[in-house]
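Visitor: The structure is given below, and queries will be raised subsequently.
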Amino acid sequence: YKVNYLLEKLENFDSNEHVPTDELQIEHIMPQNKNLSEEWRKELGERWSEIHQQYLHTIGNLTKTGYNQKYSDKSFSEKKNMVDGFKDSPLRLNKYLATLDSWNEEQIIKRANILLERALRIWKYPEVSPETLEKIRLEEIEIDEVSDVEEDIFERNLSKIKPELRNMINSIIKKIEH
């Protein structure tokens, strides 16, 4: 659900022509199959197994398509150039893919950064004046000093945040606690 939401926002942000991406499937550009073909291994290079494991489920390697079953474990070149491939895709998420000749670690990272830039335009950081930052710095307290009352206030306010953001925050908190 989170990935669908994220890809939908990345696809439709700043566009007057909304694409109903909920009707499309998530496509792993580099296939999920642990037994990658020789062509995929060559494409990814000597460290193909490590790259596959590290980047398989990352945003740089994910897109949306109505042709997931047709793409299957095909090579990047085939997925790009086949009828209804990335070259033919009307999705903005796939425009960059249509310009590439190969799909490897460098391209996955580059696409992830492109999508990150778009995400930062969607979900902007608040602008804070230097004076406010200084005030916050002077008022900082150690995390260990947070009282039960303050934690209770945080929990109550967290419940007012959109469910998607609340889940992301809770997941970050769980990672920090472990």
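The numbers here are math on the coordinates, done by the rules we state, and not lab data. Just so it is clear, the structure is predicted and the values come from calculations on it, not from any experiment. Cβ placement follows ideal geometry from the backbone for every residue including glycine, while neighbour counts extend to all protein chains displayed.
Visitor: Taking the C-alpha atoms of the stretch 1-133, how large are the radius of gyration and the largest Cα-Cα span, Dmax, in Å?
Guide: 16.2, 58
Visitor: What list of ³J(HN,Hα) values in whole Hz, one per residue of the stretch 119-131 in order, does the Karplus curve 6.51 cos²θ - 1.76 cosθ + 1.60 (θ = phi - 60°) give from phi, with Gly and Pro shown as x?
Guide: Listing the rounded values in order: 4, 5, 7, 6, 10, 6, 6, x, 8, 10, 5, x, 5 Hz.
Visitor: Sorted by average packing, counted as other Cβ atoms within 10 angstrom per residue and highest first, what order do 14-20, 65-71 take? The partial results should precede the final answer.
Guide: On the way: 14-20: 9.0, 65-71: 15.9.
Sorting 14-20, 65-71 by mean packing, highest first, produces 65-71, 14-20.
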